[in-house]
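The values are calculated or read from the model by the stated rules, or taken from the named source; none is laboratory data. This is a predicted model, so every value here is computed, not measured. Backbone-built Cβ (ideal geometry, glycine too); neighbour counts: all protein chains shown. Heads up: the accessible areas ignore ligands, DNA and RNA and are worked out on the full protein's heavy atoms, side chains in. Shrake-Rupley method; radii C 1.70, N 1.55, O 1.52, S 1.80 Å.
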Amino acid sequence: MIVKDVVCPFCGCLCDDVEVTVEDDRVVAVDNACTLGTSKFLGDHRLPGPIRRDGNGWKDISYDEAIRYAVDMLLDAERPLLYGWSSTHGEAQCVGVHMAELVRGVIDNTTSVCHGPSILAIQEVGHPGCTLGVVKNRADLIIYWGCNPIDAHPRHLSRYTRYADGFFLENAFRDRTVIVVDVRKTETANIADEFVQIRPGGDYAVLSALRAIVRGKTDTIPRSVSGVPREQLLRIARRCKEAKFGAFYFGQGITMTRGKYKNVRNAIELVDELNRHTKFTISAMRGHYNVYGSNEVNTWMTGYPFGIDFARGIAFYNPGETTAIDVLARRECDACLIVASDPAAHFPRPCVEHLAEIPVVQIDPYANATTAFCNVQIPVAVTGIDAAGTAYRMDGVPLRIRKVIESGYPSDEEILSRMYAMIQEVRSE
Amino acid sequence: MKFLMITGRTVNQGAYVERKLSAQYADETSTCFMHQFDMMDLGITDRERVQVTGPCGTVVLVIAASEDVNPGTVFVPYGPYANHIIGGHTHSTGMPDFKSIEVEIEATTEQRKGVYELMEELGGVAYDR
Ligand code: SF4
């Protein structure tokens, strides 16, 4: 059976034109998705059932036992951390926030280690953004700054920019200019009309120089700024001003490097400046397929997008203090529930060392690096394959993620709801 | 020799991201892309191993020659190997320094470890069933 219009649950593009061939409740072929999406749909090696650490080995346990363990862990903890959330559906994220409030824990999602700084910048100066459809149909200038869509969001180029048709562009491929700014010559740089290579850590200076040029302060620009020649800066600024509609996409190249949110703020203010001359928008290339959703869900429930601390009984937000990396690096949390994420592979060493010292429960379909630090792991269905739910695309558009096969695994939402009900029961006694 | 290490996503790292225990994921995330001039200075050739020391530790990586990084800079895909040497300080932003990290690199004959060996070094227990 071929299922059409399936949404790919891998990256923030949430491509919704994927075709999946299903035989005997197994995905056997995938059309239209990129390598990343295809390998996710065809993924095997699921953890067969819940496991519990037993000395230096592992033993199988039942779902009931596993859920009981997780509940007791959260109830016993004084400062639990509930982390992950970006690769699951909004309904599960919702239960997570309720649960964090009830156990007075810290809840954080992967935003803090991808576009957390972008959100901090947006909170300072706003977000002149737009949906992907607007860019596809109108933008005649695209800037990819510190991001590498060919490797991280492969179909962003074919669905919305370089290789996409545009309603208001006669010959989109010819009429659209693509500029790539990065510290290394990425695959995406190879298909750009112009590549700007800056020295690592030089983003802030280059953005400031461009702002100065757009403002007409050309004389103040030295011969080169962080490795970028003056002539190139002048040309880029001119191209931006002459564009009818520009779209600036940025990635972790500027959020993870020195300056962090100040880099993003500078980029937003450059776009602000350009809007005095033409139409220009800016948006983050969000990684995990529903990381945007975790920000939405957290915001509508608590007022804050990530890093929320319920220790005081109310929502408290202070990135740098209430974010997962800091809570772990300060060795502050005394238990950790991880949902749909793999911090042991993606967090700096001191954080992982602390995970080894506290009880950890992970809810995830696959054994991963974090499994090594788990006391219990509970396998669940993969949203978009054997569970349905809501996810938000990188431009904030919510989409219904479909279920294409029946696997028998419970969804994240089911496991979390059972845990929540049990915690509620104890807390109301 | 001192280098600036940057980390980032690659398509292979992404394709194996749900298969963290596969050999391909380990191979991809333990690759250190370096400019050939720097390799000559260090006296190493393609696929040889280096010891990389960062703010929080040391890890063995495998060198791949690349013209896409500038001399003085190395690129390592996101993953457990790069994170093995990265520190947890976030300058009050919640975000650690994943890019532009100063590291010391030298040739080595030591073996590269597997993902679970790294995890065991940090206090984890391998799940290898
Ligand atoms: S670009 Fe992203 S959403 Fe689209 S198919 Fe590839 S991984 Fe899936």
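From the alpha carbon centroid of region B:85-119 to that of region A:343-385 is 19 Å. Go through A:K217/A:K244; A:K217/A:K241; A:K59/B:K113; A:K40/A:K403; A:K185/B:K99 and tell me which ones have a Cα-Cα distance over 20 Å in this structure. Long pairs (Cα-Cα over 20 Å): A:K217/A:K244; A:K59/B:K113. Counting Lys and Arg as +1 and Asp and Glu as -1, what is the net charge of the other residues whose Cβ lies under 12 Å from the Cβ of B:I44? Result for the neighbourhood of B:I44: -3.
Rounded to the nearest 5, what % of the DSSP beta bridges within chain A are antiparallel ones? Please report the intermediate quantities before stating the final value.
Working: 26 of 63 bridges.
Of the beta bridges lying entirely in chain A, close to 40 percent run antiparallel.
Here is the tail figure for region B:30-78: Cα pairs spaced more than 17 Å apart come to 26 percent of all pairs.
A:R211 exposes around 60 Å² of accessible area when a 1.4 Å probe is run over every protein chain in place.
So with the 1.4 Å probe, I'd like the accessible area per residue for the protein assembly as shown, rounded to whole Å². Each step should come with its number before you reach the end.
Details: 20940 Å² over 558 residues.
Solvent-accessible surface per residue comes out at 38 Å².
Using a 10 Å cut-off around each Cβ of peptide A:295-306, what is the average number of partner chain Cβ atoms that fall inside? Spell out each step's value before the answer.
Numbers: counts 0, 0, 0, 0, 0, 0, 0, 0, 0, 0, 0, 1.
The mean count of partner-chain Cβ atoms within 10 Å per residue comes to 0.
Think of the protein assembly as shown as a dipole: +1 on every Lys or Arg Cβ, -1 on every Asp or Glu Cβ, centred on the Cα centre; then among B:Q111, A:A77, A:Y249, A:Y249 lies furthest on the positive end. Amide H contacts under 5 Å for A:T281: A:G246, A:A247, A:F248, restricted to partners 5 or more places along the chain or on a different chain, H placed in the peptide plane at 1.01 Å from N. When all alpha carbon pairs of chain B are counted in 10 Å bins from zero, the resulting P(r) reads 13, 45, 34, 8, 0 %.
The apolar share of the surface of the protein assembly as shown, taken as the fraction of accessible area on carbon and sulfur atoms (1.4 Å probe, ligands and nucleic acids excluded), comes to 46 percent. Note on region A:116-284: along the principal axes its Cα atoms extend 39, 32, 30 Å, ordered by decreasing extent.
Using Cα pairs under 8 angstrom and six or more residues apart, how large is the relative contact order of chain A, in percent? Before the final figure, lay out each step's value.
On the way: 917 pairs, mean separation 105.5, N = 429.
It comes to 25 percent, rounded to a whole number.
Mean separation of Cα pairs under 8 Å and 6 or more residues apart, divided by the residue count, gives region A:125-277 a relative contact order of 29 percent.
When A and B come together, around 4600 square angstrom of accessible surface is lost from both chains combined, probe 1.4 Å. Per-residue Karplus couplings for region A:401-410, computed as 6.51 cos²θ - 1.76 cosθ + 1.60 with θ equal to phi - 60°, are listed in order as 8, 8, 9, 10, 9, 9, 10, x, 6, x Hz, Gly and Pro entered as x.
Angle, helix A:412-427 long axis vs. longest principal axis of chain A, Cα atoms, 0 to 90°, nearest 10? So the helix axis and the longest Cα principal axis differ by about 60 degrees.
Net charge in the neighbourhood of A:A152 (other residues with Cβ under 13 Å of its Cβ; Lys, Arg +1, Asp, Glu -1) is 0. Averaging the Cα positions of each part gives two centres, and for region A:278-333 and region B:55-79 these lie 30 Å apart. Note on region A:116-284: dipole from Cβ charges, positive end direction compared against A:P229, A:F280, A:V183; the farthest Cα belongs to A:P229. Could you work out the longest stretch of chain B that avoids the GluC sites (Glu not before Pro) located in DSSP loops with at most 15 other Cβ atoms within 10 Å? In chain B, the maximal stretch lacking such sites is B:1-47. When shorter helices are ignored and each DSSP H run of at least 4 residues is given -39500 (n - 2.57), the per-residue value for chain A at 222 nm works out to -10000 deg cm²/dmol. Tell me the angle of helix A:203-214 to the major Cα principal axis of chain A, expressed in degrees between 0 and 90 and rounded to the nearest ten. Once rounded, the angle reads 40 degrees.
Taken about its Cα centre, chain B carries a charge dipole of roughly 360 debye when the Cβ of each Lys and Arg holds +1 and the Cβ of each Asp and Glu holds -1.
Select from region B:41-87 those chymotrypsin sites (Phe, Trp or Tyr not before Pro) which occupy a DSSP coil region and have at most 10 other Cβ atoms within 10 Å, ordered by residue number. Mind dumping the intermediate values first?
Details: sites: B:F75, B:Y78, B:Y81; in loops: B:Y78.
Filter output for region B:41-87: empty list.
Charged side chains reduced to their Cβ positions (Lys and Arg at +1, Asp and Glu at -1) give the protein assembly as shown a dipole of some 2040 debye around its Cα centre.
So what's the gap between the Cα centers of region A:118-133 and region A:239-261, to the nearest angstrom? After rounding, the separation between the Cα centres reads 11 Å.
For the protein assembly as shown, the equivalent ellipsoid derived from the alpha-carbon gyration tensor has semi-axes of 37, 27, 23 Å in decreasing order. Taking the 0 to 90 degree range and rounding to the nearest ten, how far is the long axis of helix A:116-125 tilted relative to the main principal axis of chain A, both from C-alpha atoms? For A:116-125 against chain A, the angle is about 50 degrees.
What residues have an amide H closer than 5 Å to that of A:V30, excluding those fewer than 5 places away on the same chain, when H is modeled at 1.01 Å from N in the peptide plane? Residues meeting the criterion, in which the H sits 1.01 Å from N, are A:T21.
Relative contact order of chain B: 34 percent, from C-alpha pairs under 8 Å at least 6 residues apart in sequence.
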